[in-house]
Structure formats: structure tokens, C-alpha cells
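The values are calculated or read from the model by the stated rules, or taken from the named source; none is laboratory data. A quick note: this is a predicted structure, and the numbers were derived from the prediction, not measured. Virtual Cβ from ideal backbone geometry, glycine too; neighbours counted across all protein chains shown.
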Amino acid sequence: MDTTPLEWLSASDAARAIRDGIISSEQLVEACLARIEAVEPAVQAWQYLDPELARAQARARDLDRKEGRPTGPLHGVPVGIKDIIDTMDMPTEDGTVLHAGRTPDRDATVVSLLRTAGAVIMGKTVTTECATYTPGKTRNPHDPEHTPGGSSSGSAAAVAAGMVPLALGSQTNGSVIRPAAFCGVYGFKPTHGLISRHGILKLSRALDHVGMFARTLEDVALLAEQLTGYDENDPDTRPRARIPFVRTAADEPPFAPYFAFVKTPLWERAEAATQEAFAELAGVLGDQCREHELPASLREAWDWQRTIMEAEMAANLELEWEKGRDRLSASLRDQLARGREVHALDYQKALARIPLLNQGFDELFSSYDAVLTPAAPGTAPKLAATGDPAFCTLWTLCGMPAISLPLMNGEDGLPLGVQLVGRRGDDARLLRTARWLVAHVQTD
């Protein structure tokens with residue numbers, strides 16, 4: 001094994017080292033805890049962290065291995081969990097004072113799957129209020145005066161700062177892709193319904209996705225492979241064959257992939273430096289990348305997404321509205337108030353647009369392997385807001401898989417994310433295409 005400090009090991013390397021007896025889970029967890037102690041005062045990524053509980057899990061994983069019991073693909077590897085995802089041994093407070101002290105009596109499905117895979121549940125990472133727009137305490141690890149993005153703020157920051165190699169988040173608009181871009185890590189939002197959302201704060205059945213953060217593409221594939229599958233408790237999951245994420249992502253594509261450079265009808269929101277950086281990236285790709293212009297009429301899709309999201313949020317957060325609206329932020333109160341005014345006809349019409357949009361994009365993906373587009377208008381803004389999710393909205397509405405790649409930096413030195421989007425259901429192929437792009441750009 002190389003001399004990489006334990007806290008900076010990839011999840012894949014750490015799992016191999018634990019499996020081969022080179023290091024123990026307890027050693028890895030101790031290194032991560034030491035890193036947290038050193039940088040948490042500046043980054044503030046954790047909502048709940050019990051070092052003794054993390055150590056106890058690590059010792060149990062080491063004992064399992066020592067006594068020859070079965071071990072999983074993530075055996076002994078620490079993972080951060082966004083604090084809207086239920087954990088039976090830790091509070092889940094959803095970023096709101098209304099849920100302070102809430103401790104579920106069972107794990108979310110994804111947490112159960114992580115435990116089965118042998119992971120150590122390190123703690124709960126900071127979320128914005130009810131996974132919406134009002135920021136939590138977390139700071140960007142690259143510059144504490146800037147936002148880490150939202151709503152999966154703590155998860156992205158914890159991975160970027162070397163506190164854990166992996167973390168879970170969620171996305172209803174841009175809550176995985178945007179913080180991954182701002183913090184300079186990989187962020188993956190899979191196809192809608194690929195990963196169960198049972199036991200996770202519900203905002204919008206049509207739009208909610210589980211997502212993940214890692215420092216390598218291999219780790220993204222490893223984590224995704226453990227989490228995908230049918231769950232009778234989530235009506236949007238479907239029985240399907242196990243997706244070989246790790247093998248497919250590592251494969252060489254049969255031919256160099258083609259990219260559709262899509263500016264979207266909101267290109268004016270991209271900062272000038274972002275526009276220049278993407279023009280340069282498209283130039284590096286040469287004949288493998290062509291600009292594809294979406295019709296201006298598609299601008300309505302951003303209104304459809306908002307209609308669906310706010311109407312469903314108003315329904316799912318009805319109790320919070322009725323019992324404690326005066327303790328919610330003005331931003332969230334405004335969203336819920338607008339959602340309560342959405343007409344049923346407008347809501348149903350917006351929902352009906354989703355399959356039609358995907359039919360149109362199927363034609364695009366018959367010619368291209370992935371859409372190339374910004375993850376955010378620019379680098380992370382100052383702390384007053386979590387940033388504009390506009391360049392994520394369309395792909396989340398369509399339920400397409402998307403990944404943010406830490407390939408560039410802005411003029412201010414902060415990370416500038418590159419977003420790749422794939423056809424619904426082609427998640428593993430998207431990771432393979434992403435690996436080709438990363439390798440191609442890094443060698444040029």
C-alpha cells in the first residue's frame with residue numbers, strides 16, 4: 001500500500017487494505033476522527049457525531065474479520081449520512097428545530113444496506129432546513145467564507161475535507177450535484193427510483209433522489225452497487241437485475257464517447273468564466289463534442305419542476321405547516337405557501353410532461369453518450385445562499401442520472417464542476433463515460 005494518510009484513502013483502497021489485513025477498521029476510523037477533530041471547527045460538516053459509537057462499530061467489524069465471519073464490499077469503511085436519512089442509533093433532525101431530538105426506531109433502507117455491506121455509520125452530516133434552501137452551519141472546505149452548496153452541505157464538505165471517504169445525500173433539485181461541484185468532489189445522482197428512499201424525509205415523490213459523494217469514480221461505483229435495488233417500501237423502485245457498476249465503470253468504452261454540449265435555455269445564468277471554461281473543454285474534446293441546442297420553449301420545464309416540487313412539499317410538510325410554521329424560515333414558509341396554492345390541473349399537467357421530455361431526450365441519446373453541461377453557474381458563492389440549482393433542475397425533473405466531476409477550477413481558485421447527464425437507466429454506462437472523460441482531460 002502507498003503512503004497516503006489513512007484518512008485520505010479512497011473507500012475502495014481502504015476496503016481492500018482492511019480485507020487484506022494491512023490496516024484495521026479501527027485504525028481507519030481513528031484517522032478519520034483525528035481529521036474531524038482538526039478541521040471540523042472550520043468546516044462544521046457534522047450535525048451528530050459520537051466517536052465512541054463509531055469506534056465500537058469499527059471494533060465489531062474487525063472482530064468479524066478476525067473470527068472469519070462474512071465481510072461485505074464496504075467492510076470497515078466509514079460513511080457519513082445526511083441528516084434527513086433515518087438511523088436507529090442516532091438522531092435524525094432534518095435540519096429543523098421542529099424535529100429536534102427525533103430518534104427513529106429503524107434505519108432507512110439505504111442505511112440498512114450500508115450496514116449489510118459492512119460500512120461504519122460515522123455520523124449525521126448537516127443538511128439545510130428540511131433539505132431546502134436555508135443554509136446550515138457548514139462551510140466550504142476550500143474557503144470558509146463560501147458556501148458548500150445545499151442541501152447536502154455536510155456530506156459534500158466532509159468528503160472534500162478528508163473526514164470520510166464516502167457520504168450519502170439527496171437531491172430534489174440540485175442538492176447533490178451542486179455541493180459536489182462547489183466542494184470539488186464527485187457527486188452522483190442516479191436514475192429516479194434506482195435507490196430506495198424509504199426512511200428518508202419526503203419532499204417530492206416525483207423528484208426526490210438518493211445521491212452520493214466520493215473522491216474517486218471507483219468509489220462512486222462501489223457505493224452505488226451496494227444501494228441500488230427493489231424495495232417494496234418505495235413504490236418507484238422496480239425489480240431488476242443487479243447493476244454491475246464497478247465492472248462497467250472500469251471498462252474501456254468500445255469507442256470514444258460522444259458528448260452533447262448543452263447550454264440549456266438558461267445559459268445567461270452561467271458566469272462568463274464558466275462559459276469560457278466550457279468552451280475550452282468542448283474544444284479539448286474536439287470532434288467528440290458538439291453543441292446541441294435545446295428549444296427555447298423548454299424553458300417552461302423549470303416552471304414545471306417548481307410546480308411539482310412545491311405542491312408535493314406542501315402536502316408532505318403539512319404537519320410542519322400546521323403545527324410550527326412560525327418556526328420555519330421565511331424561505332420555506334414561502335415555498336409551502338406557494339405549494340398550497342397550486343391548482344390540481346397545473347400539477348397534473350406538469351407531471352404529464354416528464355415522460356414526454358424523456359421521449360424527446362431518447363432521440364438525443366441515440367446520437368450521444370452523455371450530455372455535457374455545467375453543474376452550477378459558477379464556483380461557490382459567499383455564505384448568504386447555497387447557490388443557484390438552475391443547471392440541475394431539468395435533469396432532476398426528468399429523473400436522469402447525473403454526475404458532477406471535479407475537473408476544473410474557477411478564476412478564484414475554487415472548484416468548478418462539470419456535469420454529465422445520461423439516459424434514464426444507463427447509470428453504469430454514464431460512470432464509464434465519466435471515467436473516459438476524466439482520463440482524457442487529465443492527459444491533455
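Of the residues contained in region 390-400, one or more are found to be of a type in the set (A, V, I, L, M), outside any helix (DSSP H, G or I) and either under 20 Å from the mean Cα position of the chain (by Cα) or farther than 18 Å from Cys183 by Cα (or both).
Inspection of region 214-222 finds no residue satisfying the criterion of being of a type in the set (Ser, Thr, Tyr) and out of contact with any Ser or Thr (no Cβ under 6 Å at 6 or more places or on another chain). Restricting His198, His192 to residues that are in contact with a Leu (Cβ under 9 Å, 6 or more places away or on another chain) and either assigned to a loop (DSSP other than H, G, I, E, B) or within 14 Å of Gly425 (Cα to Cα) (or both) narrows the list to His192. When the residues of region 90-115 are filtered to those that are of a type in the set (A, V, I, L, M, F, W, C) and more than 26 Å from Val220 (Cα to Cα), the one that is surrounded by the fewest Cβ atoms within 10 Å (Cβ to Cβ) is Ala100. How many residues are closer than 23 Å to Ala54 by Cβ and of a type in the set (A, V, I, L, M) if we restrict to region 154-200? The qualifying residues number 13.
Checking the stated criteria, Ala434 turns out to be crowded, with 20+ Cβ neighbours inside 10 Å, in contact (Cβ under 8 Å) with a residue 40 or more places away in the chain and not β-branched (Val, Ile, Thr).
Let's see how each residue does on (1) of a type in the set (A, V, I, L, M, F, W, C); (2) in a helix (DSSP H, G or I); (3) touching a Lys or Arg at 6+ places or on another chain (Cβ under 9 Å); (4) modelled with pLDDT of 95 or more:
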position: Leu98; (1), (2), (3), (4): yes, yes, yes, yes
position: Arg102; (1), (2), (3), (4): no, no, no, yes
position: Arg106; (1), (2), (3), (4): no, no, no, yes
position: Ser112; (1), (2), (3), (4): no, yes, yes, yes
position: Lys124; (1), (2), (3), (4): no, no, yes, yes
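Please tell me if Thr134 is under 21 Å from Asn316 (Cα atoms) and in contact with a strand residue (DSSP E or B) (Cβ under 9 Å, 6 or more places away or on another chain). Against the criterion (under 21 Å from Asn316 (Cα atoms) and in contact with a strand residue (DSSP E or B) (Cβ under 9 Å, 6 or more places away or on another chain)), Thr134 does not qualify.
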